[in-house]
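As structure tokens, the structure follows; a few thoughts come after it.
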Amino acid sequence: MYKKQLTTQKIVCLFALCSSVIVFIYSLGIMTDLFDALYYTIRDPNNPSRNSVAGSLIYYDMQGFNRRFLHVSIALILISCLLFITNTHVRRKYYVGNVFASALNAVANIAVAVWAHGQILAYKAQFLQVDFEALKKYSETRNTYYTESTFWFDIHYLVFAIAILASILLLANLIWKFRLMKEEKQLIEAGKEAAA
């Protein structure tokens, strides 16, 4: 049973690292369509209120969130690296550091998912207020990118589902590990009693 659990915990730790990398990649891509479609509609970058398309200010409004989201996603990668620094992926018995690394990773993933979800939904609603008719006209005359797609907003459901799944797997692995450690301790104690 320990062999299966050791293999599983290695996979779970790698999955946790991969999920944080996915969040990081998403944080890099979330503004892609907004930049391509809306950046050039703003005539004066020093005065974003002067723009050719109503609602295009979302590109500037999202900058602060995007910067924080990028920093948070880097923090998630560092937190998931803690699983490997504490040898959580290979340790037969878990100690305080392993429990802390697993719990911190799970809590961080869930906290980021909840925080970003609220922000992304608010910005999606703001994006839908863009005057798409004017944007289409602008893109046809200036030969710029045009989109009404909310793909980069909607894909966050999948990205954060993966992050939350990593959290659940880490916590399930932790429970399984504690149960195995408890059973092993009982077997050792029973062996000592039989020997006495």
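The set of residues in segment 90-148 being charged (D, E, K, R) and not in a helix (DSSP H, G or I) consists of R91, R92, K93, D131, E148. Look at segment 171-186: where a residue is closer than 10 Å to Y2 by Cα and modelled with pLDDT under 90 and a partner is assigned to a helix (DSSP H, G or I) and not small (G, A, S), sitting 6+ places away or on another chain with Cβ atoms under 9 Å, you get L180/Y2; L180/Q5; E184/Y2. Every condition in (1) of a type in the set (F, W, Y); (2) surrounded by 16 or more Cβ atoms within 10 Å (Cβ to Cβ); (3) within 17 Å of A163 (Cα to Cα) is met by F65 except one, and the failing one is (3). May I ask you to list the residues in segment 1-35 that are under 12 Å from V159 (Cβ atoms) and among the aromatic types (F, W, Y)? Across segment 1-35, the qualifying residues are F24, Y26. The set of residues in segment 33-57 being buried (at least 16 other Cβ atoms within 10 Å of the Cβ) and over 22 Å from the mean Cα position of the chain (by Cα) consists of A37, L38, Y40, T41, I42, N51, S52, V53, G55, S56, L57. A residue that is part of a loop (DSSP other than H, G, I, E, B) and without any contact (Cβ under 8 Å) to a residue 60 or more places away in the chain can be found somewhere in segment 63-86.
Filtered by the rule that a residue be of a type outside the set (A, V, I, L, M, F, W, C), closer than 18 Å to A134 by Cβ and in contact with a helix residue (DSSP H, G or I) (Cβ under 9 Å, 6 or more places away or on another chain), segment 23-59 gives D33, Y39, Y40, T41, P48, N51, S52, G55, S56, Y59. Under 8 Å between Cβ atoms, at least 6 apart or on separate chains: pull out the pairs that start in segment 110-124 with a residue that is closer than 14 Å to T150 by Cα and end on any residue that is β-branched (V, I, T) and outside any helix (DSSP H, G or I). Here the result reads I120/I30; K124/T150, each pair linking segment 110-124 to a residue that is β-branched (V, I, T) and outside any helix (DSSP H, G or I).
Checked against (1) at pLDDT 95 or above; (2) surrounded by fewer than 18 Cβ atoms within 10 Å (Cβ to Cβ), A116 passes all but a single condition, namely (2).
Residue by residue, here is whether (1) touching a helix residue (DSSP H, G or I) at 6+ places or on another chain (Cβ under 8 Å); (2) closer than 16 Å to L76 by Cβ holds:
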| residue | (1), (2) |
| --- | --- |
| A113 | yes, yes |
| A116 | yes, yes |
| V130 | yes, no |
| K137 | no, no |
| A163 | yes, yes |
| S167 | yes, yes |
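If I filter segment 83-94 down to residues being surrounded by fewer than 19 Cβ atoms within 10 Å (Cβ to Cβ) and of a type in the set (A, V, I, L, M), which single residue comes out as nearest to A106 (Cα to Cα)? Of everything passing the filter in segment 83-94, I85 is nearest to A106 (Cα to Cα).
The values are calculated or read from the model by the stated rules, or taken from the named source; none is laboratory data. Values in this document were obtained by computation on a predicted structure and should not be read as measured data. Every residue, glycine among them, receives a Cβ derived from its backbone with ideal geometry; neighbour counts consider all protein chains shown.
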